[in-house]
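The values are calculated or read from the model by the stated rules, or taken from the named source; none is laboratory data. For clarity, every value in this text was computed on a predicted model and none was experimentally measured. Virtual Cβ from ideal backbone geometry, glycine too; neighbours counted across all protein chains shown.
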Amino acid sequence: MYAAIYRLLKQFSLHSLKARVVLALILSSLCATLLIVSLFSAVQFYKVSDQIKADIQKNIELISDSLSEALWSFKEETVQYMASGLSQTQYIAAAEVISETGEHYLYGMKIGQPEFTKALIHQNEKVGTIYIWLDQQAINRYVKDSVIYVILVYVVSAILVAFISIRLIGFMLSRHLSNIVNHMRSFKLDDSLKSEIELDRAPYIDDELNQIVTSFNRLRHDTRDYLSAKQQYEKHLTYQANHDDLTGIANRRYGLQLLEEKIKQVGFSGRFALMFVDLDGFKDINDTHHHLVGDEILRIVSARIQQLVKPHDGFLARIGGDEFMVVVDLESAELSVFAESILKKIKEPYGVASDKLILSCSIGIAMYPEDADTATNLIANADTAMFQAKNAGKSQFKTFSAEMFEDLMIKSRLKTALKTALENNEVQVYFQPIFAIEDGSIVGFEALCRWFHPEYGAVRPDIFIALAEETGDVVEIDRFVLTETVKKLHKLQGQNTRLFGTVNFCPLDFEQPDLVDYLDNVLTRYPLTENRLEIEVTERSMINESGNTNINLLLEELEKLGVKIAIDDFGTGYSALSYVKSYREFISKIKVDRLFVRDIEQDSADVALVSSIISMAKGLDMTVVAEGIETVQQQDLLANLGCQYGQGYLISKPLPIDEFCQLVASQKVQDNVSFI
């Protein structure tokens, strides 16, 4: 009902608080007046009726004795006069006197039953009866007039009260509420919030309005403080969401956003370069010096690159662990100079944790819009160019070309095909002879694998081995080569041919928890009477111990199986002499990398280095195998230096197993070879 009334008031624009309060006061006054008038009318009616009846009764009492005497004395004129005068009294409609002798004296008009009846007694004798009828209409008129007067008084009073109330409400309430409403309407979250509500009245007044104003002003202050804190927090969150916690530069998400904005800004008419920077050997530093050192290097690297980028009004973002993206408005010669400056800056020594570390980077460059017109493709192409720089020897930059993309697609297909290469018998084991430097007789071999793809033909080992390490398939391939090698050694010893065989293992092989069990099973199926199986590892494999692998314990288990270790490519990786010393009881051979053998005839430094390695190996009771021997002069020089074994195209390139066995059969194999 209230809702219906409110909607009705709203149609007449009377829905404001002031209008509703005034209407409520008026209606309340009218209702009170109506109630009071109703009660007054009822009371007045009965009061007037009783008063009239009392007056008439009194008049009757006053004339009853005289009227009784006149009837007893038969004074007819006196009776008539008194009855007539009584009938003319106000509010009496008729009066009738009836004597005992039967005379009737009626004055006025009788309506209904008489209101008063009184016996007339004289000297204890009834002489007659008097009857009185009241004029009810006159009585009602009197009551009505009285009620109307009262109503007029109350209505005028109600109007006066309502008018005074309106003025008081307007002065004490409405104007202040309007002031509060105007302030609230002008309230905005982004304004200065400096103005406060002030009521135009004495300051000592403390009522509900003052509490509302105080609460609202406090709300404004709290809102201002909240918005200020919220803005600061949002800025902090935005910064955290857009920047790398470690380096403070843009992170991958924000970098992509900036790149998208850059593309929209320049359109197809503009040009800029995107450079993908990847640190060379950062993982090795992390593994050897722990992550805190790596984190500090990343901070230094980002600061160095940022210093170079800033003058060119570009931006820098960290895309991954040790990968950075640089966007600059440079091209051609200026871009090359800028890329060279980054390479040079990254190569500067890093003083971290009392150590001086050396680092380099590889850079891939893609140009917008020639190489790609979308952010995703631009980054992908720059990443492809960066991998080409790494494959080309690292510490250099390459610019993307369509040929690179083709190479990338081929490698992607090779990764997929590598999964089924063993099942499809595409991988074959080749043996390259290891010979005695003194007389060239074959004493052993290095087992190598070759992949013959049905579409791409013979895949270069450095390519598919790297791919296999990325996919994890290298473990399965290495175990296949190991099994074929043990099988062949087992067969050769049955033919009284005493050869040793080496198999290449990568760090991932050593991380396999079932490595020892696998080797034990293979050697159980194909037992070897002497320690003829050796595993070739690089220096890096000895340094980068897996957190889940105890290298020393693993080497002890391998020795129990009769398996020795050969250090491959010695001198080209880390100078981990301490590791060679620590694990010398498990190491049987050191293989000198072909890098030191290639120019040994002309370079005295190579002679000195190889001589040092041979002397060190002899001191540690190890034999030395020189790789990459291609000339008799190299063989003679190495023999003079005391090198025991050699490997290279001088004797033979890597051969299929059957061809290797034919080569061995054609030579006289030494019978007295020492195995360490």
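Summary table
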| item | result |
| --- | --- |
| Listing of helices (runs of 4 or more DSSP H) fully contained in the stretch 469-552 that carry 3 or more residues being at pLDDT below 95 and over 30 Å from His289 (Cα atoms) | 474-494, 515-525 |
| Any hit, the stretch 573-587, residues being of a type in the set (Val, Ile, Thr), modelled with pLDDT of 85 or more and out of contact with any Gly (no Cβ under 6 Å at 6 or more places or on another chain) | yes |
| Meets criteria (in contact with an Asp or Glu (Cβ under 9 Å, 6 or more places away or on another chain), closer than 19 Å to Gln136 by Cβ and either without any contact (Cβ under 8 Å) to a residue 12 or more places away in the chain or surrounded by fewer than 14 Cβ atoms within 10 Å (Cβ to Cβ) (or both)) for Gln90 | yes |
| Flag if Asn425 is modelled with pLDDT under 85 and among the polar types (S, T, N, Q) | no |
| Residue tally, condition hydroxyl-bearing (Ser, Thr, Tyr) and assigned to a strand (DSSP E or B), over the stretch 426-453 | 1 |
| Matching strands (runs of 3 or more DSSP E) fully within the stretch 47-166 where at least 3 residues are in contact with a helix residue (DSSP H, G or I) (Cβ under 9 Å, 6 or more places away or on another chain) and of a type outside the set (Phe, Trp, Tyr) | 92-99, 116-122, 125-134 |
| Extreme residue, farthest from Met325 (Cα to Cα), among residues of the stretch 386-434 that are in contact (Cβ under 8 Å) with a residue 60 or more places away in the chain and touching a helix residue (DSSP H, G or I) at 6+ places or on another chain (Cβ under 6 Å) | Phe431 |
| When residues of the stretch 307-358 are limited to those that are surrounded by 14 or more Cβ atoms within 10 Å (Cβ to Cβ) and part of a loop (DSSP other than H, G, I, E, B), the one nearest to the chain's Cα centre (by Cα) | Ile319 |
| Within the stretch 263-305, tally of residues that are of a type in the set (A, V, I, L, M, F, W, C) and surrounded by fewer than 16 Cβ atoms within 10 Å (Cβ to Cβ) | 4 |
| Condition check for Ile285: in contact with a strand residue (DSSP E or B) (Cβ under 9 Å, 6 or more places away or on another chain), closer than 28 Å to Tyr350 by Cα and part of a helix (DSSP H, G or I) | yes |
| Conditions (1) part of a helix (DSSP H, G or I); (2) within 21 Å of Ile342 (Cα to Cα); number of the one not met by Leu292 | (2) |
| Leu209 being surrounded by 10 or more Cβ atoms within 10 Å (Cβ to Cβ), part of a helix (DSSP H, G or I), modelled with pLDDT under 85 and touching a helix residue (DSSP H, G or I) at 6+ places or on another chain (Cβ under 8 Å) | yes |
| Matching residues in the stretch 593-607 - criterion: being surrounded by fewer than 18 Cβ atoms within 10 Å (Cβ to Cβ) and under 58 Å from the mean Cα position of the chain (by Cα) | Arg594, Leu595, Arg598 |
| Conditions (1) under 22 Å from Met325 (Cα atoms); (2) at pLDDT below 85; (3) of a type in the set (Lys, Arg): number failed by Lys194 | (1) |
| Flag if Asp599 is touching a residue at least 24 places away in the same chain (Cβ under 8 Å), of a type in the set (Asp, Glu) and either closer than 20 Å to Ala447 by Cα or assigned to a loop (DSSP other than H, G, I, E, B) (or both) | no |
| For Asn242: the one exception among (1) modelled with pLDDT under 80; (2) surrounded by 12 or more Cβ atoms within 10 Å (Cβ to Cβ) | (1) |
| Residue in the stretch 150-166 that is among the aliphatic types (A, V, I, L, M), crowded, with 17+ Cβ neighbours inside 10 Å, assigned by TED's automatic domain parsing to the domain that holds Glu61 and within 60 Å of the chain's Cα centre (by Cα) present | yes |
| Count of residues meeting criterion [within 23 Å of Gln44 (Cα to Cα) and acidic (Asp, Glu)] in the stretch 124-173 | 2 |
| Gly562 within 25 Å of Thr623 (Cα to Cα) and at pLDDT below 75 | no |
| Test: residue in the stretch 405-413 that is farther than 29 Å from Gly648 by Cα, aromatic (Phe, Trp, Tyr) and at pLDDT below 90 | yes |
| Every residue from the stretch 386-408 that is within 18 Å of Pro461 (Cα to Cα) and either exposed (fewer than 15 other Cβ atoms within 10 Å of the Cβ) or of a type in the set (S, T, N, Q) (or both) | Gln388, Asn391, Ala392, Gly393 |
| Test for Arg141: is it at pLDDT below 80, assigned by TED's automatic domain parsing to the domain that holds Ala42 and exposed (fewer than 14 other Cβ atoms within 10 Å of the Cβ) | no |
| Which listed residue is part of a helix (DSSP H, G or I), charged (D, E, K, R) and at pLDDT 80 or above, from Arg220, Arg224, Arg253, Arg175 | Arg253 |
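For (1) modelled with pLDDT of 95 or more; (2) surrounded by fewer than 16 Cβ atoms within 10 Å (Cβ to Cβ), each residue gets a yes or a no:
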{"position": "Gly619", "(1), (2)": "no, yes"}
{"position": "Met622", "(1), (2)": "no, no"}
{"position": "Gln634", "(1), (2)": "no, no"}
{"position": "Tyr645", "(1), (2)": "yes, no"}
{"position": "Asp658", "(1), (2)": "no, yes"}
{"position": "Ser666", "(1), (2)": "no, yes"}
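Let's see how each residue does on (1) modelled with pLDDT of 80 or more; (2) closer than 20 Å to Ile130 by Cα; (3) surrounded by 17 or more Cβ atoms within 10 Å (Cβ to Cβ):
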site: His15; (1), (2), (3): no, no, no
site: Ala42; (1), (2), (3): no, no, no
site: Lys58; (1), (2), (3): yes, yes, no
site: Trp72; (1), (2), (3): yes, yes, yes
site: Met82; (1), (2), (3): yes, yes, yes
site: Gly85; (1), (2), (3): yes, yes, no
site: Ile98; (1), (2), (3): yes, yes, no
site: Thr101; (1), (2), (3): yes, yes, no
site: Met109; (1), (2), (3): yes, yes, no
